[in-house]
Structures are given as C-alpha cells and as structure tokens.
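Each value in this text was obtained by applying a stated rule to the coordinates, not by laboratory testing. Note that the coordinates shown come from a computational prediction; the quantities given were computed from them, not determined experimentally. In this analysis, Cβ positions are derived from the backbone assuming ideal geometry, glycine residues included, and neighbour counts consider all displayed protein chains.
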Amino acid sequence: MVNGEEGKPWSGEPSLRKESLQWRGWFSAPIDGYEGEVAPWHADLQWTVPHDVVPTTLYVDVRDGRGGFDFAELRFVADGSDR
C-alpha cells in the first residue's frame with residue numbers, strides 16, 4: 001500500500017507487484033505422457049487421458065517467492081464410477 005494513513009493498516013492505494021508460483025505434481029499411478037520427475041518444480045502439467053480411465057489422484061505442491069507453500073490432492077474419476 002502507498003500513501004496510507006499512519007497507524008492505519010491497509011489504508012491507501014494498492015501498489016502493483018508481481019508474484020510467481022512454482023509447482024510440481026505427481027500422480028498416484030503411472031500416466032502416459034507425464035514425467036513429473038524430470039523437472040521437479042515447473043509450470044507445465046500435461047498428460048494424455050486414456051480411454052480406460054481408472055480413479056487417479058494428482059498430488060500438487062506449490063510454493064512462492066516469499067516462503068509460502070501449500071499442498072493439494074485432486075481426485076480424477078470417470079463418470080459413473082465410485083468416488
């Protein structure tokens with residue numbers, strides 16, 4: 001924030017800053033076309049979805065340039081299958 005009132009947090013105008021995130025992902029089972037171990041922290045996450053889809057979990061780690069980090073699990077299932 002810039003031009004804020006003294007002693008008043010979050011007053012003034014926001015200043016534009018650039019933030020970038022790094023992330024890595026891996027699956028609970030081998031996936032054709034995805035090699036997550038080649039470049040551990042990267043932005044490209046592409047793979048080929050097979051015709052015989054089985055329930056699969058994608059695990060994702062994310063970090064930023066300020067020491068922040070988080071983790072997520074994304075579950076992929078075929079339509080009509082057990083979740």
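Computed values, structure above
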read-out	value
Mean projected area (nm²) of the alpha-carbon convex hull when the chain is viewed from all directions	8.7 nm²
At R0 = 41 Å, FRET efficiency that the Cβ-Cβ distance of L21 and H51 yields, to 0.05	0.80
Sum of side-chain charges, R17 neighbourhood, beta-carbon under 14 Å (Lys, Arg +1; Asp, Glu -1)	-1
Positive minus negative residues near G68 (Lys, Arg vs Asp, Glu; Cβ under 13 Å)	-2
